[in-house]
1. How many residues does region 275-291 contain that are buried (at least 21 other Cβ atoms within 10 Å of the Cβ) and either free of Cβ contacts under 8 Å to residues at least 12 places away in the same chain or not small (Gly, Ala, Ser) (or both)?
2. Please work out which one of (1) over 21 Å from Gly139 (Cβ atoms); (2) buried (at least 20 other Cβ atoms within 10 Å of the Cβ); (3) among the charged types (D, E, K, R) is the condition Arg55 fails and give its number.
3. Of the conditions (1) modelled with pLDDT under 95; (2) surrounded by 19 or more Cβ atoms within 10 Å (Cβ to Cβ); (3) not acidic (Asp, Glu), Ala193 fails just one. Which one is it?
4. Could you say which residue among Gly187, Gly179 is surrounded by 15 or more Cβ atoms within 10 Å (Cβ to Cβ), at pLDDT 95 or above and within 23 Å of Met230 (Cα to Cα)?
5. Would you check if Phe61 is at pLDDT below 95 and over 28 Å from Trp11 (Cβ atoms)?
6. Looking at region 134-142, is at least one residue in a strand (DSSP E or B) and more than 30 Å from Ala278 (Cβ to Cβ)?
7. What helices (runs of 4 or more DSSP H) completely inside region 6-107 contain at least 1 residues that are closer than 16 Å to Tyr239 by Cα?
8. Name the one entry in Pro234, Pro251 that is of a type outside the set (Gly, Ala, Ser), assigned by TED's automatic domain parsing to the domain that holds Gly187 and touching a strand residue (DSSP E or B) at 6+ places or on another chain (Cβ under 8 Å).
Amino acid sequence: MTKPRIALCTWSDPSYLDPEPPQIADALRALDVDAEVVVWHSDLDWATFDLVVIRSTWDYFDRLEEFLQWAEHVDSVARIVNSPKIIRWNSHKGYLAELGEAGIPVLPGLALAQGATHPVDQMLATGWGDVVIKPAVDGGARGALRTAASSDEAAEHLTRLVEAGDTIVQPFAPSVEQGETSLFFFGGGFSHAVRKVPKAGDYRVQALHGGSEEVHVPTPAELDVATRAMALAPDDLVYARVDLIDVDGQPTLMELELIEPDLFLRMAPGSAERFAAAVAAVAAEVSTDSM
């Protein structure tokens with residue numbers, strides 16, 4: 001019987017080569033799966049793979065339409081996870097409003113379409129003091145600014161972002177300065193959780209902004225919010241990262257990361273093997289269906 005063949009897709013930026021895909025590839029080979037780490041925009045025959053797994057494609061938001069078309073193409077000749085439907089839905093932060101309307105606790109937000117008129121007036125009308133202004137399509141807190149809504153800095157940044165694309169404005173949640181919790185799920189099951197803490201005086205928890213992380217044991221309330229949020233995704237999830245903060249004692253959704261999340265495998269022994277088992281199970285299904 002032929003081994004399932006899996007591609008683990010990353011990016012090509014030499015300034016930071018993600019160590020997780022090779023780790024996952026090793027775990028897959030231990031399961032007798034043929035695994036290869038590839039750059040997502042490489043000129044490859046994707047039909048030679050049973051399964052294509054999106055991992056650290058951290059430049060996708062700079063070339064979103066190309067990425068979406070690529071995912072659709074790959075899924076037409078192999079299978080890609082998470083699915084193109086999930087990718088399209090999760091690539092725009094407008095999904096947060098949808099989840100909020102469905103009863104998931106989320107921060108309120110003002111969604112402004114590209115070219116929206118009087119965006120500064122709309123922001124001021126919310127009555128929020130400190131705000132976070134960020135692109136609706138982006139990652140790693142790039143393009144995000146925390147400032148007073150009434151400041152010239154806010155007006156200039158918001159105007160610039162709205163001219164360039166869809167934009168989200170949210171009230172700043174002070175609890176962000178105490179950290180953010182990420183819960184990871186592979187194959188529908190809970191794998192591990194990590195607490196991410198910003199450096200003193202900052203609110204961004206990413207390592208490139210000076211943040212640190214520690215192992216976390218999730219509370220029942222955190223697991224409940226995460227599970228309910230994932231259940232509202234428009235397609236099955238092979239992997240998911242759910243980012244939460246505490247707002248007045250209530251776990252509150254910051255992001256549902258379903259495309260290319262850092263999985264923090266380094267923080268949880270056995271997590272690479274759990275991820276590998278989840279994607280290997282999907283590859284086995286695909287391989288069986290094609291026989």
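1. The number of residues fulfilling the criteria is 2.
2. (1)
3. The failed condition is (1).
4. Gly187
5. On the way: at pLDDT below 95: yes; over 28 Å from Trp11 (Cβ atoms): no.
It is false that Phe61 is at pLDDT below 95 and over 28 Å from Trp11 (Cβ atoms).
6. yes
7. Result: 20-29, 84-90.
8. After applying the criteria, what remains is Pro251.
The values are calculated or read from the model by the stated rules, or taken from the named source; none is laboratory data. As the structure is a computational prediction, the values presented were derived from the model and not from experiment. FYI the Cβ positions are ideal-geometry reconstructions off the backbone, even for glycines, and counts take in every protein chain you see.
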